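Below: the structure, in structure tokens.
The values are calculated or read from the model by the stated rules, or taken from the named source; none is laboratory data. Everything numeric here is computed off the predicted structure, so don't read it as measured data. So basically every Cβ, Gly included, is an ideal-geometry build from the backbone, and we count neighbours across all protein chains shown. Remember, those area values only see protein heavy atoms, side chains included, never the ligands or the DNA or RNA. Shrake-Rupley method; radii C 1.70, N 1.55, O 1.52, S 1.80 Å.
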Amino acid sequence: MIISERLKTCLATATHMVAFTGAGISAESGVPTFRGADGIWNKMRPEELASMDGFLRNPDLVWEWYAHRKRIIAEVQPNAGHVALARMERCVPDFIVITQNIDNLHRRAGSTKVHELHGNIERNYCIACGRRYSNEEVLKAVGVPRCAACNGKIRPDVVWFGEMLPEDEWEASVRATESASLFFSIGTSAVVYPAASLPVTAKARGAYLVEINPEPTPLTERADEFLQGSAGTILPLLYDILHDARKVSA
Ligand code: BV8
Ligand code: ZN
């Protein structure tokens, strides 16, 4: 893997960094991606499963899909890619993770500055009264879990297609993106908006844009550097360069 001198310098000196991640960083943990070879969307249309219309039209099917994903995510562990990012946070003054993932693996790996743009599958709430529920409570139900207070349908606390992103998470992510001097786009097909606009904004504001992915994406031609390969292999390499360079100067 060739790492450019420019990237080595950024790793050694940048004070503001962002790691923008998608499903690909969790693939090596065993969480299926959406659009890859075994992607979820190959079998079902996203709008049917990840939208309020879909949920209201077929709540049992949508809930069964989320219960299935909840059970997978409850069994998986963060991988070397997540751990490398958590370690980078401890070496860099301002290191922010902005994730589209709902699997909570960045926090479980030790990252503390994490913005979840699309929610978190470990949280649920009643669509009628907003009361919150844990996975433990909702996974006991057969079919669509109902609210203990008002009997309303309970849904996962994730952002569905056509829904706004959580405002505070989005605002904080834009601020971090605008002040980043090094911006990584990791394991994302970069097709879901407004999240996919962040790497473009970073580059427009002068950040050095580095993409990490086994295959090219619509972002690749705009990136300053494309590191082709898996996050679990490349991120630990980048951490070693960053850590060694800063250990010397520290
Ligand atoms: C909104 C949560 C409007 C639920 C998700 C037409 C044009 C442009 C935009 C639109 C359009 N029509 C509609 C829109 C808007 C829409 C959108 O962008 N649609 C796209 C698909 C066309 N966006 C929305 O609806 C958003 N809301 O816009 O609101 C609005 C505006 C004003 C007022 C009110 C409303 C909401 C989007 C959020 C949807 N929720 N998920 C759930 O997860 O169940 S999206 C879903 O896709 C996931 O969150 C996922 O994170 C996201 C992006 O996917 P990726 O993470 O990139 O994953 P993917 O599988 O695609 O790619 C994986 C990559 O990893 C691949 O490149 C692969 O090569 C790579 N990889 C594989 N292995 C590895 C690896 N990389 C590294 N290492 C490895 N080992
Ligand atoms: Zn309720």
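Quick notes on this one:
- Number of residues in the range 199-222 that are out of contact with any Cys (no Cβ under 6 Å at 6 or more places or on another chain) and within 16 Å of H16 (Cβ to Cβ): the value is 10.
- Counting the residues of the range 165-177 that are more than 10 Å from H16 (Cα to Cα) and in a helix (DSSP H, G or I) gives 9.
- Subset of the range 108-138 (residues that are out of contact with any Gly (no Cβ under 7 Å at 6 or more places or on another chain) and away from ligand 1 (no atom under 16 Å from the Cβ)): R108, G110, S111, T112, K113, G130, R131, R132, Y133, S134, E136, E137
- Identity of the residue in the range 47-64, of a type in the set (A, V, I, L, M, F, W, C) and open to solvent by 30 Å² or more (accessible area, probe 1.4 Å), that ends up farthest from the chain's Cα centre (by Cα): L56
- Checking every residue in the range 185-192 against the condition of being open to solvent by less than 60 Å² (accessible area, probe 1.4 Å) and either under 14 Å from C10 (Cβ atoms) or within 16 Å of ligand 2 (Cβ to nearest atom) (or both) gives zero matches.
- Number of residues in the range 79-105 that are in contact with a strand residue (DSSP E or B) (Cβ under 9 Å, 6 or more places away or on another chain) and closer than 20 Å to G30 by Cα: the value is 11.
- Reported count of residues in the range 65-93, each being in the same structural domain as S185 (by TED's automatic domain parsing), over 20 Å from T188 (Cβ atoms) and open to solvent by less than 50 Å² (accessible area, probe 1.4 Å), is 2.
- Residue match in the range 115-123 (condition: of a type outside the set (K, R), under 30 Å from N213 (Cβ atoms) and in contact with a His (Cβ under 8 Å, 6 or more places away or on another chain)): no
- So W160, is it in contact with a helix residue (DSSP H, G or I) (Cβ under 9 Å, 6 or more places away or on another chain) and within 16 Å of ligand 2 (Cβ to nearest atom): no
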